[in-house]
Amino acid sequence: MLAAHELAIGYPGRAVGRGFPLALQPGRVLALLGPNGGGKTTLLKTLLGLLKPQGGSVALDDRPLASFGAAERARRLAYVPQGHAGAFAFTIADLVLMGRTAHAGLFARPGAHDREIAAAALARMGIDHLAQRPAPQVSGGERQLALIARALAQQAAFVILDEPTASLDFGNQGRVLRELRRLAGEGLGVLFTTHDPNHASRHADDALLIRDGRTLASGPVHEVLQLPLLQQLYAAPVVQLRAAEGQAFLPA
């Protein structure tokens, strides 16, 4: 389990939030929702060990996260950032292959097994035809799919994604969200941030709502995704539509 207790987050000289609870279990999907500037990305970076907690604790399998070395963390926690353009013209295949450095070392030459795993991740995301294209020359959505493929190639126990559907068209949003559920079905723990409560309602098991650096609610999605809480979360009216196949939330 990846867990946080009374977690305080921020940067040197600037607090962002405190009192966050979190428990991400293998085989479950946790959605983190909140408006811009509420602390979602800072919370993710703290859970990944990229930022030090300003208070409270983060533990991975009952072991303090700070006790893990960088390589050991990378073998357990995979991160998919948002809006990453990349400064170098790596091919998509090479970008995905970088996920294997967690297992072989930064300067080690990837072997045939590593290339097979990277190729399978590309095919799984439906972008194997882009393998030899330079990453800056593909669309933002295609590059986002490549970053998710890189996380799959990492073969970590937990996958953490910062707004993974933000730059994707409608069809690829569905592909990515279905892939998150599939990963959970294979026993991985998945945490993703989103602005859309419908993504959480349809594809997550649990939800954490945060605003202005504090927790509004945490728990199973059917308990947390309620109109009063969502209206408080986004400081805007929200309507709920119900149908036989499920429910949908829309801005009023």
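Odds and ends about this structure:
- In the stretch 73-87, residue modelled with the lowest pLDDT [restricted to those that are exposed (fewer than 14 other Cβ atoms within 10 Å of the Cβ) and of a type outside the set (A, V, I, L, M)]: Gly86
- Answer residue from the stretch 94-108, given it is among the small types (Gly, Ala, Ser) and under 22 Å from the mean Cα position of the chain (by Cα) and is surrounded by the most Cβ atoms within 10 Å (Cβ to Cβ) among those: Gly99
- Checked against the criterion of being more than 22 Å from Arg202 (Cβ to Cβ) and modelled with pLDDT under 95, the stretch 30-37 has at least one qualifying residue.
- Hits in the stretch 154-192 - residues which are assigned to a loop (DSSP other than H, G, I, E, B) and of a type outside the set (Ser, Thr, Tyr): Gln155, Ala156, Ala157, Asp162, Glu163, Pro164, Ala166, Leu168, Asp169, Glu186, Gly187, Leu188
- Of residues in the stretch 193-244 being in a helix (DSSP H, G or I) and aliphatic (A, V, I, L, M), the one surrounded by the fewest Cβ atoms within 10 Å (Cβ to Cβ): Leu227
Table: residues versus (1) among the β-branched types (Val, Ile, Thr); (2) in contact (Cβ under 8 Å) with a residue 40 or more places away in the chain.
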residue	(1), (2)
His195	no, yes
His199	no, yes
Ala204	no, yes
Thr215	yes, yes
Val224	yes, no
Leu229	no, no
Leu233	no, yes
Ala236	no, no
Phe249	no, yes
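- The stretch 158-197 - residue that is of a type in the set (S, T, N, Q) and more than 15 Å from Leu32 (Cβ to Cβ) and, of those, modelled with the lowest pLDDT: Ser167
- Residue match in the stretch 29-48 (condition: over 30 Å from Asn198 (Cβ atoms), in contact with a Leu (Cβ under 8 Å, 6 or more places away or on another chain) and in contact (Cβ under 8 Å) with a residue 40 or more places away in the chain): no
- Per-region count, the stretch 109-153, residues outside any helix (DSSP H, G or I) and either in contact with a Lys or Arg (Cβ under 8 Å, 6 or more places away or on another chain) or buried (at least 20 other Cβ atoms within 10 Å of the Cβ) (or both): 4
- Here Pro26 meets the list (1) under 19 Å from Ile210 (Cβ atoms); (2) modelled with pLDDT of 95 or more almost entirely, failing just condition (1).
- The set of residues from the stretch 213-247 being of a type in the set (A, V, I, L, M) and more than 22 Å from the chain's Cα centre (by Cα) comprises Leu227, Leu229, Ala235, Ala236, Val238, Val239, Leu241, Ala243, Ala244.
The values are calculated or read from the model by the stated rules, or taken from the named source; none is laboratory data. Being a predicted model, the structure only gives us computed values, none of them experimental. When we count neighbours, we look across all protein chains shown, and the Cβ atoms used for this are built from the backbone with ideal geometry, even at glycine.
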